[in-house]
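Any read-out appearing in this document is the output of simple, stated calculations on the displayed coordinates, not a laboratory observation. All values reported here derive from a predicted model rather than from experimental measurement. Cβ placement follows ideal geometry from the backbone for every residue including glycine, while neighbour counts extend to all protein chains displayed.
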Amino acid sequence: MKRSGFFTKTLVLVYGTVALFAALIVAIYTAISPQLFARNKIDDLTSKGQIISCYIESTLRGEISTAYLVPLIGRSTAQWEATVWVVDSGGDTLIRTQQEGGRRVGRLPASLAKAMLPTVLSGEIATHIGAQEDLTSSGTGTSSQRTSRTASNVLNDIAGQSEQSAPATEEVLSGSIVAVAVPITFFGEVVGAVFMAQTMTEIMSGMQALSDTITFSVLLIALLLLPMVLFFASRFSRPVAQMRAVALTMAGGDLSVRADDQRRDEFGELGGALNFLSSELGSTISSLELERNRLQSLINGMSEGVIALDQQGETTVINPAVCSLLGLPEGTADLRAAAPDVLSVFDEALASAESARKTIWQGKTALHISVSPLSRTDGQLTGCVGVLSDVTSAERLEQTRRDYVANVSHELRTPLTAMRALIEPLRDGLIKTEEQRQQTYDVVLRETMRLTRLVSDMLELSRLQSGKASLNKSVFSPGPVLSIIRETYSAYAEDYQQTFIYDVPSELPPVLGNSDRTQQVLIALLDNAFKYSAEGGTVTLSAVVDGSVIRVTVRDTGIGISPEDLPHVFDRFYKADKSHGGKGTGLGLAIAYEIMKQLGEEMKVDSVLGEGSAFMFTLHIAQQDNG
């Protein structure tokens, strides 16, 4: 199983602490053990020296024979675990131990005798730890020391038995040593001393086994502690690994996971905090998702197109209305290739970091584009967002307004100009004969009537559109109305050498509408039909019953209407030829359409350019009362 980094660090920390502790124990033990062993050796040698001193005192008192004493003291160093010298008050060696292998040790080194004997002869125990070179004299010498005759005789006797085959050389002790000197007293008088010495090498050789044992024990304990360290490190790192897994799962989007918060320690508190964070984060994300969905639904439901770009000019948001407004297939993502004119406005806003507005035409659709830059709180540009609005109706309305003003001005100017051209000669007396004056009056009257008719039509259309015109409905028979129209326009057709066809059934059911307004509409339609039909042309008035309505149609074989002009034929002052020539004010079809609209009827036109047009409107049949 793959271990986490926290587990590894914990294991290294704990076990490293154990290992360091073991190493420090061994190092400290190695550093201080020589001194401790030396001091312990001093105490041991002191005790043994006092024992030897007691043996010699017993010999001086005659309790132990000298023959027994010498082997007891000087047989071997192993007996006392040190080299032993028995000296008299003058420092002369009386008894020496024999080392293993049969080699007799030399006499007491002069440095030991010189440094330690004065202290011993004063009745005190002298000790030394270190090299022989560090020894310094601590007394006034030994030459003045005297012993009693009895003690001197006994000591000489002891020396005689011990020195029979002893070499006269001085013992050489190398390196650091541990030395102890214990006084020998006889009836309260110091008559000699027992010197005991051992090198540090010999002492530490005995300590080495203990050092090895301690080192081995420490290593063994460290190895034995390894499973326990592994267990506790794993137990200690388990909650951290679990919370790490929870955090990674949360980062992956799953906020339903929870950490263990049942522990009564810092890990439990951390788990509780992580769970609280997960809960709050889930609630916040849910709220953001809800708001995002609302915003997305709002953007998708807008009739205006919404486009957002990042700082690199890449598209990030496109709502469905964009494709509809631009006439692109649904789902088109590459707007830069499909609509470069639109994206150029966004590029302008990104380049200048300022808002940009422009109205462009995409085919037959006028689009108003408003782009605003997006920036962070520090002012750095992050992109831009723009709104595309279909302003075709507004643009056409504005164009209609301009055309309306121009047409009204034109229509008013024509009669006014004609009247001015006639009135000025009258005023200046240029017209002399009565016949010329009458002709001038006729023209002025005709233009005045034309001006009056134009103003009346404008007022009529205004009243219709505002709902103020009288359009009361009543039941009437359409047959008589159509018959009157037939009589009027049959003569009109003969005068203009055109053919008028009347295709209306003899019996038509009563309709609910306005008789006068219906006749007004028929006159407007027939006037246009005859006006735009050449000599020899045909104008047909027909009516058929179609379910609950009567469909009345005026058809001609005139010049027809082009497809681009067809949607605007019912606009005021609209003329397909754009020349404004011919008779009429240009308001007839607009008034007819508004009348039918106010009466709740349908009116439409079908036309083929160069072949003629057909205007149709409906009349609703009146309901029969069976009661």
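I'd like to compare 50-59, 418-427: which one has the highest average count of other Cβ atoms within 10 Å, and what's the full order after that?
Ranked from most to least packed, the peptides come out as 50-59, 418-427.
In Å³ and rounded to a whole number, note down the convex hull volume per residue for the Cα atoms of segment 485-532.
Convex hull volume per residue, Cα atoms: 82 Å³.
Under 5 Å between amide H atoms, partner at least 5 residues away or on a different chain: which partners does Val391 have, H built in plane at 1.01 Å?
Ala366, Leu367, His368
To the nearest 0.05, what FRET efficiency results for Asp516 and Arg402 with a Förster distance of 30 Å applied to their C-beta separation?
For R0 = 30 Å, the calculated efficiency reads 0.35.
Under 16 Å from the Cα of Lys358, which aspartates and glutamates turn up, not counting those fewer than eight places away in the same chain?
Filter leaves Glu304, Asp341, Asp347, Glu348, Asp390, Glu395.
Between Arg61 and Glu189, take the C-beta separation as r, use R0 = 22 Å, and let me know the FRET efficiency to the nearest 0.05.
0.95
Using r as the Cβ-Cβ distance of Glu535 and Asp503, and R0 as 22 Å, what FRET efficiency do you calculate, to the nearest 0.05?
For R0 = 22 Å, the calculated efficiency reads 0.50.
Roughly how many nanometres apart are two label points built 7 Å out from the Cα toward the Cβ at Glu280 and Arg244?
Calculated label separation equals 2.5 nm.
Scan around Val539 for amide H atoms under 5 Å from its own, H built in the peptide plane at 1.01 Å from N, and keep only partners 5 or more places away or cross-chain.
Thr499, Phe500, Ile501
Between Asp212 and Ser344, what is the spin-label point distance in nm, taking each point 7 Å from the Cα along the Cα→C-beta axis?
9.8
Principal axis lengths of segment 471-620 from Cα atoms, whole Å, largest first?
The Cα atoms of segment 471-620 stretch 41, 31, 25 Å along the principal axes, largest first.
Rank by packing, highest mean first: peptides 211-221, 306-316, with packing defined as the count of other Cβ atoms within 10 Å averaged across residues.
Ranked by mean Cβ neighbours within 10 Å, highest first: 306-316, 211-221.
Between Leu609 and residues 5 or more places away or on another chain, which pairs have amide H atoms under 5 Å apart, with H built 1.01 Å from N, and which residues are they?
Those qualifying (amide H under 5 Å, at least 5 residues apart or on another chain) are Ile561.
Provide the per-residue ³J(HN,Hα) series for segment 217-222, in order, calculated from phi with Karplus coefficients 6.51, -1.76, 1.60 and θ = phi - 60°, each as a whole number of Hz, with x at glycine and proline positions.
So the J values, rounded to whole Hz, are 5, 5, 5, 5, 4, 4.
For segment 355-364, take each phi angle, set θ = phi - 60°, evaluate the Karplus expression 6.51 cos²θ - 1.76 cosθ + 1.60, and give the result in whole Hz per residue in order, putting x for glycine and proline.
Listing the rounded values in order: 5, 9, 9, 7, 10, 10, 9, 10, x, 9 Hz.
Given all pairs of different Cα atoms, what value in angstroms does the Kirkwood hydrodynamic radius of segment 1-70 take?
The answer is 17.1 Å.
Mind listing P(r) for segment 216-326? All alpha-carbon pairs, 5 Å bins, whole percents.
2, 10, 11, 11, 9, 9, 9, 8, 7, 6, 5, 4, 3, 2, 2, 1, 1, 0
What is the extension gain from Leu72 to Ala31, computed as 0.36 nm multiplied by their sequence separation minus the C-alpha to C-alpha distance, in nm to one decimal?
Stretched out fully, the Leu72 to Ala31 stretch lengthens by 11.1 nm.
Report the trypsin sites (Lys or Arg not before Pro) located in segment 239-310 that are in a DSSP loop and have at most 10 other Cβ atoms inside 10 Å of their Cβ, or state none.
Passing both the DSSP loop test and the Cβ count: Arg264.
How high is the relative contact order of segment 309-355? Use alpha-carbon pairs under 8 Å, at least six apart in sequence, and give a whole percent.
Across segment 309-355, relative contact order equals 30 percent.
For segment 301-400, what mean projected area does the convex hull of the alpha carbons give, in nm²?
Hull-based average projected area comes out at 6.7 nm².
Using the basic label-point model (7 angstrom from Cα toward the beta carbon), what is the Ser483 to Ile360 distance in nanometres?
Here the modelled spin labels are 6.4 nm apart.
With unit charges on the beta carbon (Lys/Arg positive, Asp/Glu negative), name the residue among Gln497, Leu522, Pro563 whose Cα is farthest towards the positive pole of the charge dipole of segment 471-620.
Leu522
Kirkwood hydrodynamic radius for segment 257-301: how many Å is it when counted over pairs of different Cα atoms?
For segment 257-301, inverting the mean 1/r across all distinct Cα pairs yields 12.2 Å.
Mind listing the phi-derived Karplus ³J(HN,Hα) values for segment 53-70, rounded to whole Hz, using 6.51, -1.76 and 1.60 with θ = phi - 60°, and x for any glycine or proline?
Result, rounded to whole Hz: 4, 5, 4, 5, 4, 5, 5, 4, 8, x, 7, 10, 6, 5, 5, 7, 5, 4.
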